[in-house]
1. Give just the number: which of (1) at pLDDT 95 or above; (2) surrounded by fewer than 16 Cβ atoms within 10 Å (Cβ to Cβ) does PHE149 not satisfy?
2. Scanning the range 127-143 for residues that are out of contact with any strand residue (DSSP E or B) (no Cβ under 8 Å at 6 or more places or on another chain) and farther than 23 Å from LEU33 by Cα, which turns out surrounded by the fewest Cβ atoms within 10 Å (Cβ to Cβ)?
3. Output the residues belonging to the range 52-71 that are over 17 Å from LYS108 (Cα atoms) and open to solvent by 70 Å² or more (accessible area, probe 1.4 Å).
4. Tally up the residues in the range 60-88 that are more than 23 Å from GLY29 (Cβ to Cβ) and touching a residue at least 12 places away in the same chain (Cβ under 8 Å), please.
5. Quickly run through the range 85-100 and pick out the residues that are in contact with a Leu (Cβ under 9 Å, 6 or more places away or on another chain) and surrounded by fewer than 18 Cβ atoms within 10 Å (Cβ to Cβ).
6. Name the pairs: first residue in the range 122-133 and farther than 18 Å from ILE102 by Cβ, second residue in a loop (DSSP other than H, G, I, E, B) and modelled with pLDDT of 95 or more, Cβ to Cβ under 8 Å, at least 6 apart or on different chains?
7. Please verify whether the range 107-126 includes one or more residues that are open to solvent by 40 Å² or more (accessible area, probe 1.4 Å), of a type in the set (D, E, K, R) and touching a strand residue (DSSP E or B) at 6+ places or on another chain (Cβ under 9 Å).
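The values are calculated or read from the model by the stated rules, or taken from the named source; none is laboratory data. Predicted model, so just to flag it, every value in this text is computed and none were measured. As a convention, Cβ positions derive from the backbone with ideal geometry for all residues, glycine included, and neighbour counts pool all protein chains shown. In case anyone asks, the SASA skips ligands and DNA or RNA and just uses the protein heavy atoms, side chains included. Shrake-Rupley method; radii C 1.70, N 1.55, O 1.52, S 1.80 Å.
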Amino acid sequence: MLAVLRDRPEIELLDGQRYPKVSPKRTHGMVQLAMAMVLVRCLSDRGDTATEWRCRLGPATELVPDVAFVSFERLRLLSAPEREEPPFAPDVAVEIRSPSCIAEYGAKKTAAYLAHGSLLVLDIDPKTRIAYAHARGAAPRVFHETQTFEDENMPSLRFEVAELFARIRAQER
């Protein structure tokens, strides 16, 4: 089994390759917090939401989504240590792009989440204020800041995309 560095800088492992987790900045953190609050509001009766929740997708892949939601149904099947680092992808994995984001790596992470159990992967771009929704077997869907997010994979998850960027927008005034 490959050992993964657990101290700063945080490391993700994808297909045996080590990737440093990007050091979040203010904008990233604000969008991350907003997305976590949306997930808690919409889904707290169905499971747990956490930020930076490491998940093990096999011996060569460990990812740390910016925000994750895992259903109680799936969590109940795990031991206490496994709940800390689930051996599968979260039901909803959220990645927030940073200015130094590498598109190829993001696409590989999205594919890994979906291949290992995620129902929905949200790729949030604070710069363009767009949310990209990925689900297995479907083309990515694009949600602009002016739209309402809805997805049949998670019917209870419904929110105004502008919520994710409200604090950023307020600071620009």
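1. So PHE149 meets the others, but not (2).
2. Applying the filter and picking the extreme gives GLY137.
3. GLU52
4. To start, the set of residues in the range 60-88 that are more than 23 Å from GLY29 (Cβ to Cβ) comprises 60-61, 71-83, 86-88.
Still in the list and also touching a residue at least 12 places away in the same chain (Cβ under 8 Å): 60-61, 71-75, 86-88.
Total satisfying the criteria: 10.
5. Hit for the range 85-100 is PRO87, nothing else.
6. ARG129/GLU145; ALA133/PRO140
7. yes
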